[in-house]
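Engineer: Before anything else, here's the structure in question.
Every number in this text was worked out from the coordinates using simple rules, so none of it is lab data. Predicted model, so just to flag it, every value in this text is computed and none were measured. Cβ sites come from the backbone with ideal geometry, for glycine too, and all protein chains shown count toward neighbours.
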Amino acid sequence: MCDEDDAMMTHMQTKTLRLGSLPARTAKESCAEDDNAELHARLLDMMTLSMIVTDGDRRIVYANRQGDRLLIKGRALRDAMGRLSAANPRAAALLGKAISDCAYGNLSKIGRNGIPVFVTSENGHSLIAWVLPLWKPQGALSRLVALVVREDPETFSGESFSCRYGATPAELRIVEMLMKGLGTDEIAASLNISENTVKTHLKSLFTKTGTRRQADLLRVANATIAPAVRAD
């Protein structure tokens, strides 16, 4: 049995355990109460984007078909004994914090497009996960969090960003490299310019986008291609 087969077996076993551990009412009666449940699931499975739902402690409670495939591959995001994690340790830490913030943090501080987390896999493949809260402060039964994952972050539209914020071609290159997870020193080396020049471009971008930090600038950039928004 190959590694991917092993991963599939482990993932399906933990998924079955999660379903089996649900209260009888949830497992058996909810579908009877909601005749559209199967339709909703089919619609989510038709999405080309991966959707994964967790609780605040990263326990996976749902994944659509694309999300299941992503977890089974385990190259970027993975099912670690029923909890969502990432192959890259730094990305795993950022992902865990984003999920915690969306589950237990102040929702007023989370943008409508949620919290974008850039994840690089072991083989260099990249994706962006937008982490969004599913619960509302009033009458929330559970603090679930949704991750909507785009596996082709290179589809960032520089033209749209430039049209909206007036970014120059040089500034766009800086944004694109930041979105790939590069630091200012790496950007400078890649473009054969000084780090001070990179910081000058960043200051200009902060002014144009009304941001103050690189993290905020990335949220603005990711919002131009974000596949989902928070429910009000």
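Engineer: Per residue of the range 179-189, in order, report the coupling 6.51 cos²θ - 1.76 cosθ + 1.60 (Karplus, θ = phi - 60°) as ³J(HN,Hα) in whole Hz, putting x for Gly and Pro.
Structural biologist: Rounded to whole hertz, the list is 5, 8, x, 7, x, 4, 5, 5, 5, 4, 5.
Engineer: Shape verdict for the range 56-124, please, from the Cα gyration tensor: rounded (a/c under 1.5), prolate (a/b greater than b/c) or oblate.
Structural biologist: Numbers: a/c = 1.87, a/b = 1.52, b/c = 1.23.
Prolate shape, in that a/c is at least 1.5 and a/b is the bigger ratio.
Engineer: Apply the Karplus curve 6.51 cos²θ - 1.76 cosθ + 1.60, θ = phi - 60°, to the phi angles in the range 102-116 and return the couplings in whole Hz, x for Gly and Pro.
Structural biologist: Here the 3J(HN,Hα) series is 6, 8, 10, x, 7, 5, 5, 9, 9, x, 5, 8, x, 10, x Hz.
Engineer: Give the calculated FRET efficiency between Asn196 and Ala37 to the nearest 0.05, with a Förster radius of 41 Å applied to their Cβ-Cβ distance. It would help to have the intermediate numbers written out before the result.
Structural biologist: Values: r = 57 Å, r/R0 = 1.39.
FRET efficiency, Asn196 to Ala37: 0.10.
Engineer: Work out how much length Asp57 to Met81 would gain on full extension: take 0.36 nm times their residue separation and subtract the Cα-Cα distance, in nm to one decimal.
Structural biologist: On the way: separation 24, 0.36 × 24 = 8.64 nm, distance 1.25 nm.
That pair, Asp57 and Met81, stretches by 7.4 nm at full extension.
Engineer: Separation between the Thr48 and Asn123 pseudo-spin-labels, each 7 Å from Cα along Cα→Cβ, expressed in nm?
Structural biologist: Each label point lies 7 Å from its Cα, and together they span 2.1 nm.
Engineer: Follow-up. List the trypsin sites (Lys or Arg not before Pro) within the range 46-112 that DSSP assigns to loop and that have no more than 12 neighbouring Cβ atoms inside 10 Å. Let's see the in-between values first.
Structural biologist: Details: sites: Arg58, Arg59, Arg65, Arg69, Lys73, Arg75, Arg78, Arg83, Arg90, Lys97, Lys109, Arg112; in loops: Arg58, Arg75, Arg112.
Answer in residue order: Arg112.
Engineer: Taking 0.36 nm per residue of sequence separation and subtracting the Cα-Cα distance, how much length would be gained by fully extending the chain between Ala170 and Lys109, in nm to one decimal? Could the numbers behind the result be given before it?
Structural biologist: Values: separation 61, 0.36 × 61 = 21.96 nm, distance 3.05 nm.
Extra length from Ala170 to Lys109 when fully extended: 18.9 nm.
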